[in-house]
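Below is one structure, written out as C-alpha coordinates, with a few remarks after it.
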Amino acid sequence: MTGAGGATAAGPSRGGHILIVDDNAINRMLLTRGLQEQGHFVTTADHGRQGLELLRAHGTLFDVVLLDIVMPELDGFETLRQLKDDPHLAQIPVVMISSVDEMDSVMRCIRMGAADYIPKPFNVGLLRALTNRINALLEAKRARQRELEFAAVAERLADVVAAMAGARHETTTTASNAPGLSEIAARDDALGRLARAVQRLGRATA
Amino acid sequence: MAHGHHGHAGSAGHAEAEVLDRSAFAQLRETVGDDEVFLADLIHAYRQDSRQLLAAMSAALAARDAVALRRAAHSLKSNSASFGATALAALCRDLEGEAQVGAHDLAAGRVAQVAAEYERVERALAQAQPEGGPAQ
(Lines give C-alpha, C1' and ligand atoms only; values in the text may rest on other atoms or scores of the structure.)
Protein backbone atom coordinates (compact mmCIF):
# COMPACT_ATOMS: atom_id res chain seq x y z
CA MET A 1 0.00 0.00 0.00
CA THR A 2 1.25 3.43 -0.80
CA GLY A 3 -0.09 6.85 -0.03
CA ALA A 4 0.93 9.80 -2.12
CA GLY A 5 -0.15 13.38 -2.16
CA GLY A 6 -0.83 15.26 -5.35
CA ALA A 7 1.25 18.25 -6.31
CA THR A 8 -1.34 20.69 -5.01
CA ALA A 9 -2.97 18.47 -2.40
CA ALA A 10 -1.84 19.55 1.04
CA GLY A 11 -4.97 17.68 2.11
CA PRO A 12 -8.26 16.85 0.52
CA SER A 13 -9.49 20.45 0.57
CA ARG A 14 -10.77 20.71 -3.00
CA GLY A 15 -9.29 17.50 -4.28
CA GLY A 16 -10.56 14.27 -2.79
CA HIS A 17 -8.89 11.26 -1.21
CA ILE A 18 -9.14 8.42 -3.69
CA LEU A 19 -8.50 4.75 -2.91
CA ILE A 20 -7.35 2.71 -5.93
CA VAL A 21 -7.78 -1.05 -5.50
CA ASP A 22 -6.09 -2.87 -8.38
CA ASP A 23 -3.58 -5.72 -8.55
CA ASN A 24 -2.19 -4.29 -11.77
CA ALA A 25 0.83 -2.04 -11.16
CA ILE A 26 0.53 -0.31 -14.56
CA ASN A 27 -3.08 0.68 -13.85
CA ARG A 28 -2.19 1.91 -10.38
CA MET A 29 0.68 4.01 -11.73
CA LEU A 30 -1.37 5.57 -14.53
CA LEU A 31 -4.40 6.30 -12.36
CA THR A 32 -2.30 7.64 -9.47
CA ARG A 33 -0.43 10.02 -11.72
CA GLY A 34 -3.57 11.19 -13.52
CA LEU A 35 -5.44 11.86 -10.28
CA GLN A 36 -2.51 13.50 -8.48
CA GLU A 37 -2.11 15.89 -11.39
CA GLN A 38 -5.69 17.00 -10.70
CA GLY A 39 -4.89 17.68 -7.03
CA HIS A 40 -6.31 14.49 -5.53
CA PHE A 41 -4.67 12.53 -2.75
CA VAL A 42 -4.25 8.87 -3.68
CA THR A 43 -3.86 5.67 -1.66
CA THR A 44 -3.45 2.32 -3.40
CA ALA A 45 -4.16 -1.30 -2.46
CA ASP A 46 -3.02 -4.37 -4.40
CA HIS A 47 -6.21 -6.40 -3.97
CA GLY A 48 -9.67 -6.37 -2.48
CA ARG A 49 -8.73 -7.69 0.95
CA GLN A 50 -6.13 -4.96 1.44
CA GLY A 51 -8.61 -2.40 0.13
CA LEU A 52 -11.28 -3.46 2.63
CA GLU A 53 -8.75 -3.39 5.48
CA LEU A 54 -7.88 0.21 4.61
CA LEU A 55 -11.54 1.16 4.28
CA ARG A 56 -12.46 -0.40 7.61
CA ALA A 57 -9.52 1.31 9.34
CA HIS A 58 -9.90 4.75 7.71
CA GLY A 59 -13.22 4.52 5.85
CA THR A 60 -14.40 8.06 6.36
CA LEU A 61 -11.15 9.44 4.95
CA PHE A 62 -11.89 8.14 1.47
CA ASP A 63 -14.17 10.06 -0.87
CA VAL A 64 -14.17 7.66 -3.82
CA VAL A 65 -12.98 4.07 -4.40
CA LEU A 66 -11.69 2.90 -7.80
CA LEU A 67 -12.10 -0.88 -7.86
CA ASP A 68 -10.73 -3.45 -10.29
CA ILE A 69 -12.84 -6.58 -10.89
CA VAL A 70 -10.44 -9.48 -11.50
CA MET A 71 -8.00 -9.57 -8.58
CA PRO A 72 -6.31 -12.17 -6.38
CA GLU A 73 -7.20 -12.58 -2.68
CA LEU A 74 -10.59 -10.89 -2.97
CA ASP A 75 -12.10 -9.91 -6.32
CA GLY A 76 -14.01 -6.75 -7.12
CA PHE A 77 -17.47 -8.33 -6.76
CA GLU A 78 -16.86 -9.58 -3.23
CA THR A 79 -15.07 -6.37 -2.23
CA LEU A 80 -18.00 -4.31 -3.52
CA ARG A 81 -20.53 -6.56 -1.77
CA GLN A 82 -18.77 -6.28 1.60
CA LEU A 83 -18.34 -2.53 1.17
CA LYS A 84 -22.03 -2.01 0.38
CA ASP A 85 -23.05 -4.29 3.28
CA ASP A 86 -21.09 -2.17 5.76
CA PRO A 87 -23.23 0.75 6.97
CA HIS A 88 -20.11 2.84 7.65
CA LEU A 89 -18.81 2.39 4.10
CA ALA A 90 -21.91 1.95 1.95
CA GLN A 91 -22.12 5.67 1.09
CA ILE A 92 -18.64 5.84 -0.43
CA PRO A 93 -19.06 5.91 -4.22
CA VAL A 94 -17.28 3.12 -6.11
CA VAL A 95 -16.09 3.41 -9.72
CA MET A 96 -15.25 0.05 -11.30
CA ILE A 97 -12.12 -0.43 -13.42
CA SER A 98 -12.82 -2.89 -16.23
CA SER A 99 -11.74 -4.13 -19.65
CA VAL A 100 -14.07 -3.24 -22.49
CA ASP A 101 -14.90 -6.96 -22.80
CA GLU A 102 -16.21 -7.14 -19.22
CA MET A 103 -19.51 -5.32 -19.73
CA ASP A 104 -21.56 -8.10 -18.10
CA SER A 105 -19.39 -7.84 -14.99
CA VAL A 106 -19.69 -4.05 -15.01
CA MET A 107 -23.50 -4.24 -15.22
CA ARG A 108 -23.51 -6.67 -12.30
CA CYS A 109 -21.43 -4.21 -10.26
CA ILE A 110 -23.71 -1.29 -11.17
CA ARG A 111 -26.67 -3.37 -9.95
CA MET A 112 -24.71 -4.03 -6.75
CA GLY A 113 -24.36 -0.29 -6.18
CA ALA A 114 -21.27 0.84 -8.09
CA ALA A 115 -21.58 4.46 -9.24
CA ASP A 116 -19.80 4.13 -12.59
CA TYR A 117 -16.92 2.46 -14.41
CA ILE A 118 -13.79 3.37 -16.34
CA PRO A 119 -12.66 1.04 -19.15
CA LYS A 120 -9.05 -0.07 -19.66
CA PRO A 121 -6.69 0.65 -21.30
CA PHE A 122 -6.75 4.26 -20.14
CA ASN A 123 -6.09 7.26 -22.35
CA VAL A 124 -6.13 11.02 -21.90
CA GLY A 125 -9.84 11.32 -22.72
CA LEU A 126 -10.84 8.56 -20.29
CA LEU A 127 -8.73 9.98 -17.47
CA ARG A 128 -10.29 13.39 -18.07
CA ALA A 129 -13.79 11.84 -17.97
CA LEU A 130 -12.85 10.00 -14.77
CA THR A 131 -11.63 13.23 -13.18
CA ASN A 132 -14.88 14.99 -14.10
CA ARG A 133 -16.89 12.11 -12.64
CA ILE A 134 -14.85 12.10 -9.42
CA ASN A 135 -15.26 15.87 -9.08
CA ALA A 136 -19.04 15.49 -9.50
CA LEU A 137 -19.09 12.74 -6.85
CA LEU A 138 -17.06 14.95 -4.49
CA GLU A 139 -19.42 17.88 -5.06
CA ALA A 140 -22.42 15.62 -4.38
CA LYS A 141 -20.81 14.49 -1.12
CA ARG A 142 -20.16 18.09 -0.05
CA ALA A 143 -23.74 19.06 -0.95
CA ARG A 144 -25.04 16.15 1.15
CA GLN A 145 -22.88 17.26 4.10
CA ARG A 146 -24.15 20.86 3.76
CA GLU A 147 -27.72 19.56 3.66
CA LEU A 148 -27.25 17.49 6.83
CA GLU A 149 -25.66 20.41 8.65
CA PHE A 150 -28.45 22.76 7.49
CA ALA A 151 -31.10 20.34 8.76
CA ALA A 152 -29.37 20.03 12.17
CA VAL A 153 -29.21 23.82 12.56
CA ALA A 154 -32.83 24.23 11.46
CA GLU A 155 -33.86 21.69 14.07
CA ARG A 156 -31.91 23.56 16.74
CA LEU A 157 -33.62 26.82 15.81
CA ALA A 158 -37.02 25.15 15.92
CA ASP A 159 -36.20 24.01 19.48
CA VAL A 160 -35.20 27.52 20.53
CA VAL A 161 -38.36 29.06 19.08
CA ALA A 162 -40.52 26.36 20.65
CA ALA A 163 -38.85 26.94 24.03
CA MET A 164 -39.46 30.70 23.74
CA ALA A 165 -43.11 30.01 22.97
CA GLY A 166 -43.24 28.02 26.18
CA ALA A 167 -44.04 24.86 24.39
CA ARG A 168 -41.13 22.86 25.74
CA HIS A 169 -42.96 19.61 25.33
CA GLU A 170 -42.86 20.13 21.58
CA THR A 171 -39.11 20.39 21.39
CA THR A 172 -37.06 17.59 20.03
CA THR A 173 -33.90 16.50 21.74
CA THR A 174 -31.01 18.01 19.84
CA ALA A 175 -27.48 16.79 20.25
CA SER A 176 -25.48 18.32 23.07
CA ASN A 177 -22.92 19.55 20.55
CA ALA A 178 -25.58 21.40 18.53
CA PRO A 179 -24.64 25.05 17.84
CA GLY A 180 -25.92 27.75 20.20
CA LEU A 181 -28.26 30.54 19.04
CA SER A 182 -25.49 33.14 18.89
CA GLU A 183 -23.37 30.78 16.85
CA ILE A 184 -26.22 30.26 14.39
CA ALA A 185 -26.87 34.03 14.32
CA ALA A 186 -23.34 34.52 12.99
CA ARG A 187 -24.19 32.61 9.78
CA ASP A 188 -24.73 34.66 6.64
CA ASP A 189 -27.54 32.50 5.26
CA ALA A 190 -31.31 32.30 5.84
CA LEU A 191 -30.82 30.37 9.07
CA GLY A 192 -28.56 33.14 10.37
CA ARG A 193 -31.23 35.76 9.59
CA LEU A 194 -33.83 33.61 11.31
CA ALA A 195 -31.60 33.20 14.40
CA ARG A 196 -31.04 36.99 14.59
CA ALA A 197 -34.80 37.55 14.33
CA VAL A 198 -35.35 35.05 17.14
CA GLN A 199 -32.76 36.88 19.27
CA ARG A 200 -34.56 40.21 18.67
CA LEU A 201 -37.91 38.61 19.52
CA GLY A 202 -36.40 37.12 22.67
CA ARG A 203 -35.11 40.54 23.77
CA ALA A 204 -38.47 42.20 22.96
CA THR A 205 -40.43 39.71 25.01
CA ALA A 206 -37.97 39.50 27.90
CA MET B 1 -19.36 9.08 -17.89
CA ALA B 2 -18.76 9.87 -21.52
CA HIS B 3 -16.28 7.28 -22.59
CA GLY B 4 -14.23 8.54 -25.48
CA HIS B 5 -13.02 5.16 -26.53
CA HIS B 6 -10.58 5.31 -29.37
CA GLY B 7 -10.58 2.12 -31.39
CA HIS B 8 -7.16 0.74 -32.17
CA ALA B 9 -7.60 -2.03 -34.71
CA GLY B 10 -8.64 0.02 -37.70
CA SER B 11 -10.99 -1.28 -40.38
CA ALA B 12 -8.16 -1.04 -42.90
CA GLY B 13 -6.81 -4.27 -41.41
CA HIS B 14 -3.97 -4.56 -38.96
CA ALA B 15 -0.42 -5.53 -39.64
CA GLU B 16 0.25 -8.95 -38.16
CA ALA B 17 3.94 -8.17 -38.03
CA GLU B 18 3.45 -5.08 -35.88
CA VAL B 19 4.28 -6.15 -32.35
CA LEU B 20 3.38 -2.80 -30.81
CA ASP B 21 0.35 -1.01 -32.19
CA ARG B 22 1.76 2.42 -33.00
CA SER B 23 -1.40 4.38 -32.30
CA ALA B 24 -2.01 2.62 -28.97
CA PHE B 25 1.58 3.22 -27.90
CA ALA B 26 1.28 6.85 -29.00
CA GLN B 27 -1.85 7.11 -26.86
CA LEU B 28 0.07 5.82 -23.86
CA ARG B 29 2.74 8.46 -24.49
CA GLU B 30 0.05 11.11 -24.65
CA THR B 31 -1.52 9.76 -21.45
CA VAL B 32 1.76 10.21 -19.57
CA GLY B 33 2.18 13.68 -21.04
CA ASP B 34 5.33 12.67 -22.93
CA ASP B 35 7.09 12.24 -19.61
CA GLU B 36 9.88 9.90 -20.73
CA VAL B 37 11.05 9.16 -17.19
CA PHE B 38 7.58 8.05 -16.14
CA LEU B 39 7.20 6.07 -19.37
CA ALA B 40 10.49 4.28 -18.61
CA ASP B 41 9.18 3.51 -15.09
CA LEU B 42 6.00 2.08 -16.62
CA ILE B 43 7.94 -0.12 -19.04
CA HIS B 44 10.14 -1.30 -16.19
CA ALA B 45 7.06 -2.20 -14.12
CA TYR B 46 5.52 -3.95 -17.13
CA ARG B 47 8.62 -6.10 -17.64
CA GLN B 48 8.77 -7.04 -13.98
CA ASP B 49 5.06 -7.84 -13.85
CA SER B 50 5.15 -9.79 -17.09
CA ARG B 51 8.02 -12.00 -15.96
CA GLN B 52 6.12 -12.80 -12.78
CA LEU B 53 2.91 -13.46 -14.68
CA LEU B 54 4.63 -15.79 -17.17
CA ALA B 55 6.09 -17.72 -14.23
CA ALA B 56 2.65 -17.79 -12.59
CA MET B 57 1.17 -19.19 -15.82
CA SER B 58 3.70 -22.02 -15.93
CA ALA B 59 3.09 -22.81 -12.27
CA ALA B 60 -0.69 -22.71 -12.78
CA LEU B 61 -0.41 -25.04 -15.77
CA ALA B 62 1.69 -27.52 -13.80
CA ALA B 63 -0.75 -27.40 -10.89
CA ARG B 64 -3.77 -27.45 -13.25
CA ASP B 65 -4.98 -24.36 -11.42
CA ALA B 66 -7.41 -22.86 -13.93
CA VAL B 67 -8.35 -19.91 -11.69
CA ALA B 68 -4.74 -18.79 -11.24
CA LEU B 69 -4.07 -19.31 -14.96
CA ARG B 70 -7.06 -17.21 -15.93
CA ARG B 71 -6.09 -14.44 -13.53
CA ALA B 72 -2.50 -14.29 -14.80
CA ALA B 73 -3.73 -14.24 -18.41
CA HIS B 74 -6.18 -11.48 -17.54
CA SER B 75 -3.48 -9.30 -15.94
CA LEU B 76 -1.01 -9.74 -18.79
CA LYS B 77 -3.81 -8.99 -21.28
CA SER B 78 -4.68 -5.77 -19.50
CA ASN B 79 -1.06 -4.63 -19.14
CA SER B 80 -0.19 -5.52 -22.73
CA ALA B 81 -3.18 -3.63 -24.09
CA SER B 82 -1.93 -0.51 -22.29
CA PHE B 83 1.33 -0.70 -24.25
CA GLY B 84 -0.35 -1.44 -27.58
CA ALA B 85 0.90 -5.04 -27.59
CA THR B 86 -2.33 -6.06 -29.25
CA ALA B 87 -1.21 -9.46 -30.57
CA LEU B 88 0.01 -10.45 -27.10
CA ALA B 89 -3.19 -9.12 -25.54
CA ALA B 90 -5.24 -11.21 -28.02
CA LEU B 91 -3.25 -14.37 -27.16
CA CYS B 92 -3.84 -13.68 -23.46
CA ARG B 93 -7.55 -13.21 -24.11
CA ASP B 94 -7.62 -16.63 -25.84
CA LEU B 95 -5.74 -18.13 -22.90
CA GLU B 96 -8.16 -16.54 -20.45
CA GLY B 97 -11.07 -18.18 -22.29
CA GLU B 98 -9.34 -21.55 -22.47
CA ALA B 99 -8.54 -21.46 -18.76
CA GLN B 100 -12.13 -20.55 -18.00
CA VAL B 101 -13.51 -23.61 -19.80
CA GLY B 102 -10.73 -25.87 -18.50
CA ALA B 103 -9.19 -26.58 -21.92
CA HIS B 104 -5.87 -27.56 -20.39
CA ASP B 105 -4.08 -28.84 -23.50
CA LEU B 106 -5.07 -25.83 -25.57
CA ALA B 107 -4.00 -23.57 -22.73
CA ALA B 108 -0.60 -25.27 -22.48
CA GLY B 109 0.08 -24.52 -26.15
CA ARG B 110 -1.20 -20.99 -25.74
CA VAL B 111 1.11 -20.28 -22.80
CA ALA B 112 4.06 -21.16 -25.04
CA GLN B 113 2.74 -18.75 -27.69
CA VAL B 114 2.25 -16.06 -25.08
CA ALA B 115 5.83 -16.48 -23.83
CA ALA B 116 7.25 -16.27 -27.36
CA GLU B 117 5.17 -13.20 -28.23
CA TYR B 118 6.19 -11.55 -24.98
CA GLU B 119 9.86 -11.82 -26.00
CA ARG B 120 9.01 -9.92 -29.20
CA VAL B 121 7.15 -7.28 -27.22
CA GLU B 122 10.06 -6.79 -24.86
CA ARG B 123 12.43 -6.24 -27.78
CA ALA B 124 10.01 -3.82 -29.43
CA LEU B 125 9.64 -1.88 -26.18
CA ALA B 126 13.41 -1.61 -25.82
CA GLN B 127 13.49 -0.04 -29.29
CA ALA B 128 10.52 2.23 -28.61
CA GLN B 129 12.01 3.47 -25.38
CA PRO B 130 14.07 6.65 -25.40
CA GLU B 131 17.85 6.25 -25.15
CA GLY B 132 19.01 4.86 -21.86
CA GLY B 133 15.92 3.57 -20.15
CA PRO B 134 15.89 2.35 -16.60
CA ALA B 135 18.75 0.26 -15.34
CA GLN B 136 17.70 -3.31 -14.73
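The values are calculated or read from the model by the stated rules, or taken from the named source; none is laboratory data. This structure is a prediction, so every number in the text was calculated from the model and none was measured. Cβ atoms come from the backbone with ideal geometry, glycine included; neighbour counts cover every protein chain shown. Heads up: the accessible areas ignore ligands, DNA and RNA and are worked out on the full protein's heavy atoms, side chains in. Shrake-Rupley method; radii C 1.70, N 1.55, O 1.52, S 1.80 Å.
When residues in segment A:24-68 are screened for being within 14 Å of chain B (Cβ to nearest Cβ) and either surrounded by 23 or more Cβ atoms within 10 Å (Cβ to Cβ) or in a helix (DSSP H, G or I) (or both), 19 of them pass.
Condition check ((1) open to solvent by 50 Å² or more (accessible area, probe 1.4 Å); (2) free of Cβ contacts under 8 Å to residues at least 40 places away in the same chain; (3) more than 7 Å from chain B (Cβ to nearest Cβ); (4) not in a loop (DSSP other than H, G, I, E, B)) across all residues:
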| residue | (1), (2), (3), (4) |
| --- | --- |
| A:Ala90 | no, yes, yes, no |
| A:Ser98 | no, yes, yes, yes |
| A:Asp104 | yes, yes, yes, yes |
| A:Leu126 | no, yes, no, yes |
| A:Thr131 | no, no, yes, yes |
| A:Ile134 | no, no, yes, yes |
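Against the conditions (1) of a type in the set (Gly, Ala, Ser); (2) at pLDDT 90 or above; (3) surrounded by fewer than 22 Cβ atoms within 10 Å (Cβ to Cβ); (4) under 29 Å from A:Glu37 (Cα atoms), B:Gly109 satisfies every one except (4).
Closer than 20 Å to A:Asp68 by Cα, under 12 Å from the mean Cα position of the chain (by Cα) and part of a helix (DSSP H, G or I): which single residue out of B:Ala81, B:Ala87 fits that description?
Selected residue: B:Ala81, the only one of B:Ala81, B:Ala87 that is closer than 20 Å to A:Asp68 by Cα, under 12 Å from the mean Cα position of the chain (by Cα) and part of a helix (DSSP H, G or I).
Of the residues that make up segment B:125-136, is at least one more than 30 Å from A:Gln38 (Cβ to Cβ) and crowded, with 18+ Cβ neighbours inside 10 Å? Checking segment B:125-136: not a single residue is more than 30 Å from A:Gln38 (Cβ to Cβ) and crowded, with 18+ Cβ neighbours inside 10 Å.
Inspect all residues belonging to segment A:135-158 and state whether any of them is in contact with a strand residue (DSSP E or B) (Cβ under 8 Å, 6 or more places away or on another chain) and at pLDDT 85 or above. Yes. Residues in segment B:30-43 that are in a helix (DSSP H, G or I), farther than 16 Å from B:Lys77 by Cα and facing chain A (nearest Cβ under 10 Å): B:Glu30, B:Thr31, B:Phe38, B:Asp41. Quick check on A:Leu148: is it surrounded by 14 or more Cβ atoms within 10 Å (Cβ to Cβ) and on the phi < 0 side of the Ramachandran plot? Judged against the criteria, A:Leu148 is not a match.
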